[in-house]
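Beneath this line is the structure, given in structure tokens, with notes to follow.
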Ligand code: BGC
């Protein structure tokens, strides 16, 4: 196929100047600003509004069409952005209409939900975060950018940086868990990966931090629900990952669906303008979520779409995704003076700024045929396997006949049973937001184990047992028989890939359908069981945690599920993932998260809080449930063990005033030793607690982490610093400052471990 003709109109060519672009963090540069001004000066109100209109491509031309003549709309200059066009031939064809047939030849910005890969699917974001390895996410998102950009997609609606403390909420699967510090580190990594060092590199795509803001706090975990978040919690917990994305240069943000304290996020001046623009100086573009502007009417703060458009626009949403409300309402709002022209120009500038920064005016088309070379695709698969291995969390590994059940030590005579509804399902392995991946290219656990069995490594028998969500039990008897005839059972249970994600809240977060019963039946055979849990959220599995010797949390691992699992189960790779969310014992204790406040009557306060405030770790108690999560934040086992010692701080006191001037910090160190006989990776986690402050602070807060790969017996010193950024918080006067008080510092392997060093913070 021939390369698409590149016919840039003279107007644009003369305006084009070769500039040396600053890194992606710099969205604005003087040459672009001059070009933007020149263009805006020529635009009619309708053309300006057109730039703020974003539509899904199939609603222009496809069966789901919502406009009568999509092509005419593009040619009129009324489509600033299209999304869901995912093939180079499609994007080029739409682009041709905009660039060659519209009056001002402004290219379209093509978007898509590139969430955990485009064609090559990596583990779900929650799984990726379990690696505690932002550099890994930088690589996976870079790879996704290369695949997507090759098809003309230059804008991803990712990363989702919503903090989520409620696993009932289906979209917990799309984020990095419950912690703002870790979430911020991952937010930065995604932005770096997508945007690269230069946005105008044709393989870079612009990131979109979403959903701004507080979406993860929906009441009851119910999708699209309202949120009540105090300003302090908003600033301490929900805003930091967005600020991190902005600081890293994210070009765009998406406003959320949820109302925060009664004000829909898409019409929230406080978050969209006061915080984002005035405090953070964000220069990029804010888009709405899907039809969210129209939904402002349903939220109840506008009687009609005209008011909804004005409220959203004046609050700071620049682009309207899919509701066409801006297209219909903004021209008259501007002509009647209810929306100032200056605000319209500002929004248009933001759209054009992103387009110029991406180099779309110079290179509106992508080469056809498009796609990565076989060698590059192979590199992607290798990365997908590696990422999956890093995302697995070993929750249990009890001894069977004297040694931990995992890793399995295969031998020709060993009889392995593979049982369960998720052993051979490619679709489920992808989780939600599957990009344009072909589920048939997923290598399942069954495929991988069968291959090994064919090579004579062990003997394999496979049985389904039941279905994923239903109550089938006609496979129970055979599954139990297969288990009885085997030396070990690998049991693949969990949720279906679409039980999490958007609009997939669950009130029950146990193993669905009949799976718990199947589990009990198989365990009752007495054959040792390795339970592999596939899920997009933490599942409550208290029975399994007591009765199953080995449990591996596998999330949805993506295309290379099988090879990654086989390598970890048979010890060619060690599990090193750590929880980024607390796993509840039961739904009734949700929300359960590690960085909560103490109460005046903590459940187990017989201790000496001065020396070990963590003794009062879990403050909330029930008369019918044990305290705390089933597995805590930061937790995960490996095939070796680690010991932490010599936790030391280099001073006994710090000055709050000096911290606030940013001219002092504290050095923290600890020794980590691999005390086992295998090499392995641990994540050293730095936690703090502040006491004596003007407002209560969480009983622990993550403020640093380091992955360490250590050989058997090897020791290493880890070092951290704590300065103004880590020790400041939103105080009683809503100032972000460090205050005098007592600081406790832990370096430990999860949020429940260790004993703290103590430092005084003086005036
Ligand atoms: C989701 C967004 C997504 C958008 C476009 C919405 O329903 O909330 O996260 O980016 O659709 O697909």
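The values are calculated or read from the model by the stated rules, or taken from the named source; none is laboratory data. Note that this is a predicted model, so its numbers are computed, not measured. Cβ placement follows ideal geometry from the backbone for every residue including glycine, while neighbour counts extend to all protein chains displayed.
Say we look at segment 480-494 and pick out the residues that are in contact (Cβ under 8 Å) with a residue 60 or more places away in the chain and over 14 Å from residue 416 (Cβ atoms); which of these is nearest to the ligand (Cβ to nearest atom)? Reasoning before the result, please.
The initial filter retains those residues of segment 480-494 that are in contact (Cβ under 8 Å) with a residue 60 or more places away in the chain, namely 482-483, 485-494.
Pick out the ones that are also over 14 Å from residue 416 (Cβ atoms) and you get 493-494.
Numbers: 493: 28, 494: 23 Å.
Looking at the filtered set, the residue picked out is 494.
Can you name every residue in segment 185-215 that is crowded, with 24+ Cβ neighbours inside 10 Å, farther than 27 Å from residue 363 by Cα and more than 16 Å from the ligand (Cβ to nearest atom)?
Result: 186, single match.
Taking residue 183, is it at pLDDT 95 or above, part of a loop (DSSP other than H, G, I, E, B) and touching a helix residue (DSSP H, G or I) at 6+ places or on another chain (Cβ under 6 Å)? Lay out the reasoning, then the answer.
Numbers: at pLDDT 95 or above: yes; part of a loop (DSSP other than H, G, I, E, B): no; touching a helix residue (DSSP H, G or I) at 6+ places or on another chain (Cβ under 6 Å): yes.
For residue 183, the condition - at pLDDT 95 or above, part of a loop (DSSP other than H, G, I, E, B) and touching a helix residue (DSSP H, G or I) at 6+ places or on another chain (Cβ under 6 Å) - is not met.
Filter segment 127-159 for residues that are within 16 Å of the ligand (Cβ to nearest atom) and assigned to a loop (DSSP other than H, G, I, E, B); which is surrounded by the fewest Cβ atoms within 10 Å (Cβ to Cβ)?
Residue satisfying both the conditions and the ranking: 157.
Against the conditions (1) under 15 Å from residue 241 (Cα atoms); (2) away from the ligand (no atom under 12 Å from the Cβ), where does residue 168 fall short? Just the number, please.
(1)
So that you can scan it fast, the table gives a plain yes or no per residue for (1) within 13 Å of the ligand (Cβ to nearest atom); (2) in the same structural domain as residue 361 (by TED's automatic domain parsing):
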| residue | (1), (2) |
| --- | --- |
| 81 | yes, yes |
| 86 | yes, yes |
| 95 | no, yes |
| 161 | yes, no |
| 172 | no, no |
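Can you name every residue in segment 38-53 that is part of a helix (DSSP H, G or I) and closer than 14 Å to residue 351 by Cα?
39, 40, 47, 48, 49, 50, 51
Can we say residue 115 is in contact (Cβ under 8 Å) with a residue 60 or more places away in the chain, under 11 Å from the mean Cα position of the chain (by Cα), within 13 Å of the ligand (Cβ to nearest atom) and part of a loop (DSSP other than H, G, I, E, B)? Walk me through how you get there before you give the answer.
Details: in contact (Cβ under 8 Å) with a residue 60 or more places away in the chain: yes; under 11 Å from the mean Cα position of the chain (by Cα): yes; within 13 Å of the ligand (Cβ to nearest atom): yes; part of a loop (DSSP other than H, G, I, E, B): yes.
Answer is yes for this residue.
Looking only at segment 649-702, count every residue that is in contact with a helix residue (DSSP H, G or I) (Cβ under 8 Å, 6 or more places away or on another chain), part of a loop (DSSP other than H, G, I, E, B) and either more than 19 Å from residue 721 (Cα to Cα) or touching a residue at least 60 places away in the same chain (Cβ under 8 Å) (or both) and tell me the total.
4
Provide a single number: the residues in segment 535-567 that are part of a helix (DSSP H, G or I) and out of contact with any strand residue (DSSP E or B) (no Cβ under 7 Å at 6 or more places or on another chain).
Final tally of qualifying residues: 10.
Just to be sure before I move on: is residue 424 farther than 13 Å from residue 120 by Cα and not assigned by TED's automatic domain parsing to the domain that holds residue 158 in the structure I sent?
Numbers: farther than 13 Å from residue 120 by Cα: yes; not assigned by TED's automatic domain parsing to the domain that holds residue 158: yes.
So residue 424 passes the test.
Look at residue 506 and say whether it is part of a loop (DSSP other than H, G, I, E, B) and away from the ligand (no atom under 16 Å from the Cβ).
Yes.
What are the residues in segment 474-500 that are surrounded by fewer than 23 Cβ atoms within 10 Å (Cβ to Cβ) and either part of a helix (DSSP H, G or I) or in contact with a helix residue (DSSP H, G or I) (Cβ under 7 Å, 6 or more places away or on another chain) (or both), if any?
476, 477, 478, 480, 481, 482, 484, 496
Scan segment 57-68 and tell me whether some residue there is at pLDDT 70 or above and closer than 28 Å to residue 281 by Cβ.
no
Can you say whether residue 110 is more than 15 Å from the chain's Cα centre (by Cα) and within 16 Å of the ligand (Cβ to nearest atom), as far as the supplied structure shows?
Considered against the rule, which asks whether it is more than 15 Å from the chain's Cα centre (by Cα) and within 16 Å of the ligand (Cβ to nearest atom), residue 110 comes out as yes.
Does residue 124 satisfy the condition of being closer than 27 Å to residue 372 by Cβ and within 16 Å of the ligand (Cβ to nearest atom)?
It is true that residue 124 is closer than 27 Å to residue 372 by Cβ and within 16 Å of the ligand (Cβ to nearest atom).
Return the residues of segment 339-385 that are buried (at least 16 other Cβ atoms within 10 Å of the Cβ) and free of Cβ contacts under 8 Å to residues at least 40 places away in the same chain; say none if nothing qualifies.
339, 343, listed by residue number.
Taking residue 428 as the residue in question, decide whether it is surrounded by 22 or more Cβ atoms within 10 Å (Cβ to Cβ) and touching a residue at least 24 places away in the same chain (Cβ under 8 Å). Break it down into steps so the answer makes sense when it comes.
Working: surrounded by 22 or more Cβ atoms within 10 Å (Cβ to Cβ): yes; touching a residue at least 24 places away in the same chain (Cβ under 8 Å): yes.
Answer is yes for this residue.
Give, as residue ranges, the helices (runs of 4 or more DSSP H) completely inside segment 245-361 that count at least 3 residues that are within 16 Å of the ligand (Cβ to nearest atom) and modelled with pLDDT of 95 or more. First the steps, then the outcome.
On the way: elements: 295-299, 305-315, 325-335, 341-357.
Ranges flagged: 295-299.
May I ask you to verify whether residue 241 is touching a helix residue (DSSP H, G or I) at 6+ places or on another chain (Cβ under 7 Å), more than 16 Å from the ligand (Cβ to nearest atom) and in contact (Cβ under 8 Å) with a residue 60 or more places away in the chain?
no
Which pairs turn up if I take residues in segment 321-333 that are more than 25 Å from residue 113 (Cβ to Cβ) and without any contact (Cβ under 8 Å) to a residue 24 or more places away in the chain and look for partners that are assigned to a helix (DSSP H, G or I) and more than 16 Å from the ligand (Cβ to nearest atom) with beta carbon separation below 9 Å, at least 6 apart in sequence or on another chain?
328/305; 328/306; 328/309
So residue 37 passes all but one of these: (1) modelled with pLDDT of 70 or more; (2) surrounded by 14 or more Cβ atoms within 10 Å (Cβ to Cβ); (3) closer than 22 Å to residue 199 by Cα. Which condition number does it fail?
In the conditions (1) modelled with pLDDT of 70 or more; (2) surrounded by 14 or more Cβ atoms within 10 Å (Cβ to Cβ); (3) closer than 22 Å to residue 199 by Cα, residue 37 misses (2) alone.
Is it the case, given these coordinates, that residue 720 is under 18 Å from residue 232 (Cα atoms) and touching a strand residue (DSSP E or B) at 6+ places or on another chain (Cβ under 8 Å)?
So residue 720 does not fit the description; no.
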